[in-house]
Amino acid sequence: MAEVTVKPNAAAPVMEEVSGPWRDAWRAFRKNKIAMIGLMIIIFFVVIALIAPLIAPFNYKDQQLMDRLKAPSSAHWFGTDDLGRDLFSRVLYGAGISLWVGFFSVIGSIVAGTALGIIAGYFGKWADMVISRLFDILLAFPSILLAIAIVAILGPSLQNALYAIAIVNIPTYGRLVRAKVLSLKNEEYITSAKAIGMKNMRILLSHILPNSLTPIIVQGTLGIATAIIEAAALGFLGLGAQPPEPEWGKMLSDSRQFIQKAPWTVVFPGVSIMLTVLGFNLLGDGLRDVLDPRMKN
């Protein structure tokens, strides 16, 4: 009997995993356990902020003076504050406030800082001199003191605290982008784009900005953590969110005189700030390891 040899079908399609720079970065990021922990923490607080009105057992404004400074119990999981308000409900609502300030202040800083950094780095000359001196002036002051001065001028409120935090962090992103643009504008592909008559705006949007995104993303993630701390500091000083808004820093300020008598009024807002900031720091470190070529083996 003749042997029958089965040959592999050369025409059969071979399934290859789709690859790309951002997909490869995501694969590398998933292997970073610390960064994934940070991402899970952030997702947890984002979900809490979104569903706070649905799961909060009380309205964060409701006062029950008969229940003031009650210890944690089945009725009040985190206890109550000096006005009898449910701390669990206030911490849940406070997550949305802190994340809102963190995200939007950083977005404002990135937009303004990136625009100024690109102009300074790409066009140079007098534009670079003026913008760089502006950055130097802003960096000459400690960020929290400058934020306090800005809020004092604009008036104490959560929105003005957001503006102040955004302004004081503009030089961080501006200098970062300026340095990146200075290294990019002398690359051969930029010279070739200029040689074929491509306009400056198109070069900036098509080549300079996309290749400057990596450090912006990493710094922006870390910057959210810093913004949350600064918002809490302004709230602690009475310059941020105003009563009865349940901002975590303001909650710490209102409870500092009850640390010994009712420590839970300080512990739960403080732990919330710590965990949120920790999550963004872990995420930022993971993104830096994945997106920064100098960190790769």
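The values are calculated or read from the model by the stated rules, or taken from the named source; none is laboratory data. Just so you know, these numbers come straight off a predicted model, no measurement behind them. Glycine gets a Cβ as well: all are built from the backbone with ideal geometry, and neighbour counts include every protein chain shown. What goes into the accessible areas is simple: the full protein's heavy atoms, side chains included, and nothing from ligands, DNA or RNA. Shrake-Rupley method; radii C 1.70, N 1.55, O 1.52, S 1.80 Å.
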The chain - percent relative contact order, Cα under 8 Å, separation 6 or more:
25
Taking amide H positions as placed 1.01 Å from N in the peptide plane, with prolines and chain starts having none, which residues 5 or more places from K70, or on another chain, fall under 5 Å of its amide H?
T80
Computing the accessible area with a 1.4 Å probe over protein heavy atoms, can you report the carbon and sulfur percentage for segment 184-297?
59
Just to be sure I understand the model, the point goes 7 Å from the Cα along the line to the Cβ. What's the resulting M66 to L278 distance in nm?
3.9
Rounded to the nearest 500, what is the chain's calculated 222 nm mean residue ellipticity when only DSSP H runs of at least 4 contribute -39500 (n - 2.57) each, over all residues?
-22000 deg cm²/dmol
Euclidean distance between Cα centres, segment 63-90 to segment 173-250, Å
41
Packing-wise, with mean Cβ within 10 Å as the measure, how do 26-39, 63-76 rank, highest first?
26-39, 63-76
Lysines whose Cα lies under 17 Å from that of K31, excluding same-chain neighbours fewer than 8 positions away:
K296
Accessible area per residue for the chain in Å², computed with a 1.4 Å probe and the full protein assembly in place, what is it?
56
Only sites in a loop by DSSP and with at most 13 other Cβ atoms within 10 Å count here; which GluC sites (Glu not before Pro) in segment 183-275 make the cut?
E187
For segment 90-129, which whole percent of the accessible surface, found with a 1.4 angstrom probe, sits on carbon and sulfur atoms?
84
Run the dipole for segment 127-262 about the Cα centre, Lys and Arg Cβ at +1, Asp and Glu Cβ at -1, nothing else charged, and hand back the magnitude in debye, nearest 20.
300
How big is the chain along each principal axis, measuring the range of its Cα positions in Å and listing the largest first?
89, 82, 30
Just name one of I167, A152, P243: the one whose Cα is farthest towards the positive end of the charge dipole of the chain (beta-carbon charges, Lys/Arg +1, Asp/Glu -1).
I167
